[in-house]
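**Q** I have a structure here, written as structure tokens, and I will follow up with some questions on it.
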Amino acid sequence: METARDLGFRMPAEWEPHRGTWLTWPRRDGISFPNSYDAVPPVYAEFIRVLVEHEEVCINVWDDAMEQEVRRFLESARVPRARVSFHPFRSYEPWCRDHGPIFVVRTVGNRQEKAVVDWGYNAWGGKYPPYDLDDEVPRHVARMRGARLFSPGIVMEGGSIDVNGCGALLTTESCLLNPNRNPSLTKREIEEYLRDYLGVSHFLWLGDGIVGDDTDGHVDDLARFVSRDTIATVVETDPADENFGLLSDNLERLKRFRDPEGNPYRIVELPMPGLLERDGQRLPASYANFYIANSVVVAPTFRDRNDARALELLRTCFPGRRVVGLDSTDLIWGLGSFHCISQQEPT
């Protein structure tokens with residue numbers, strides 16, 4: 001069976017041109033925002049309002065009733081509707097980064113062809129069943145777009161990987177090597193799947209994820225490519241904080257990493273927000289969970305003294321884009337932020 005790599009496909013970097021952004025609207029009956037659902041739709045609406053200035057937004061909805069409810073939220077937020085589309089692709093929970101389609105591209109003649117990689121999805125190691133509908137979303141999208149579909153047959157979430165579009169991939173040992181994902185696969189075998197279906201060749205393995213992250217350590221809460229040779233990573237300066245040791249270890253790894261030519265990566269150190277808790281639970285708040293869209297970067301803020309500094313540093317990373325901070329305090333109660341709820345579709 002020919003793989004995506006055999007046919008010349010690769011996963012583009014998030015900053016490469018988008019056709020649009022995919023979202024899955026949260027269900028009132030879902031488990032992601034216990035006792036707080038009503039605070040979340042306005043956050044989605046504001047996110048969409050920013051995105052539609054720059055690209056299409058495709059929203060997966062449960063049924064017609066949900067679509068009508070979403071339309072009312074968007075109207076209240078004065079979101080222009082011309083670039084918003086709705087799709088009846090049901091999902092129990094809204095984390096489209098992980099259950100949504102991963103697009104790969106190749107150049108054929110003078111045009112770019114897209115395909116969808118349909119990794120298996122098991123709700124972060126079977127933590128939150130049922131998830132069968134969530135797992136079907138990439139197939140629905142590929143069929144709707146008329147795109148080739150690759151099904152590697154292993155579990156992989158979009159938030160667990162980050163690429164620079166030039167062959168390098170960032171990930172974590174705590175997630176990809178966790179026995180609740182692909183217990184029969186070795187590290188080398190997992191790398192081979194990533195080579196075959198994302199077109200990457202160079203692997204940068206970090207260690208553990210931040211405290212409170214129920215995904216077992218997604219890299220999009222830790223470190224992100226912001227250009228082919230630059231990585232933005234969160235650091236904790238308080239030795240008494242639970243994240244201090246693990247983030248220090250990841251920073252040391254990043255400093256030791258070299259690109260295929262033997263050059264070190266440029267590292268931009270983002271602060272962490274202060275401790276954010278709710279109902280006795282530490283929440284995985286991180287400024288690394290930003291989303292890169294056409295001409296704009298949407299970054300989470302947390303009503304924290306480090307918000308301004310994080311946005312300032314991200315603006316140095318994206319001189320050609322507007323960096324917008326949006327309050328993620330209600331969204332993070334679901335244990336994710338703007339990158340976790342979104343999935344880019346390249347042009």
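Here, each number is a calculation from the coordinates, and none is a lab measurement. Quick caveat, the model's predicted, so the values are computed rather than measured. Note: ideal-geometry Cβ built from the backbone for every residue, glycine included; neighbour counts use all protein chains shown.
**Q** Given a Förster radius of 35 Å and the C-beta distance between residue 305 and residue 229 as r, what FRET efficiency does 1/(1 + (r/R0)^6) yield to the nearest 0.05?
**A** Here the calculated transfer efficiency is 0.70.
**Q** Mind giving me the nanometre distance, one decimal, between the label points for residue 113 and residue 76, set 7 Å out from Cα along Cα→Cβ?
**A** In this crude label model, residue 113 to residue 76 measures out at 4.6 nm.
**Q** Hey, fewest Cβ within 10 Å first, where do 22, 95 land in order?
**A** 22, 95
**Q** Compute the signed sum of charges (Lys and Arg +1, Asp and Glu -1) over the other residues within less than 12 Å, Cβ to Cβ, of residue 107.
**A** +3
**Q** What list do you get for 317, 340 if you sort them by fewest beta carbons within 10 Å?
**A** 317, 340
**Q** Moving on to the next point. State the extension gain, in nm to one decimal, for the chain segment bounded by residue 322 and residue 85, taking 0.36 nm per residue of separation less the distance between their alpha-carbons.
**A** Gain on stretching residue 322 to residue 85: 82.9 nm.
**Q** Give the calculated FRET efficiency between residue 67 and residue 192 to the nearest 0.05, with a Förster radius of 45 Å applied to their Cβ-Cβ distance.
**A** Calculated value: 0.65.
**Q** Okay, next question. Under a point spin-label approximation (7 Å from Cα along Cα-to-Cβ), what is the residue 132-residue 149 distance to one decimal in nm?
**A** Computed distance between label sites residue 132 and residue 149 equals 1.6 nm.
**Q** A follow-up question, please. As a test, work out the antiparallel percent of DSSP beta bridges whose residues both lie in the chain, rounded to the nearest 5.
**A** Around 45 percent antiparallel, to the nearest 5.
**Q** Moving on. Using the crude model of +1 on Lys and Arg Cβ and -1 on Asp and Glu Cβ, and no other charge, please compute the dipole size for the chain relative to its Cα centre, in debye to 20.
**A** For the chain, the charge dipole is close to 1160 debye.
**Q** What does a probe at residue 238 reach in the range 301-336, counting residues whose amide N is under 12 Å from the point 7 Å along Cα→Cβ?
**A** 305-306, by backbone N distance to the label point.
**Q** Quick one: 261, 252, 242, fewest Cβ neighbours within 10 Å first, how do they rank?
**A** 261, 252, 242
**Q** For the range 1-47 and the range 119-191, compute the distance between their C-alpha centroids and round to whole Å.
**A** If we compute the Cα centre of each part, the gap is 14 Å.
**Q** I would also like to ask the following. Given points 7 Å out from each Cα along the Cα-Cβ axis, report the residue 269 to residue 249 separation in nanometres with one decimal.
**A** Here the modelled spin labels are 1.9 nm apart.
**Q** Additional query: Using Cα-Cα distances under 8 Å and only pairs 6 or more residues apart, what relative contact order does the chain have, in percent?
**A** Relative CO of the chain lands at 21 percent.
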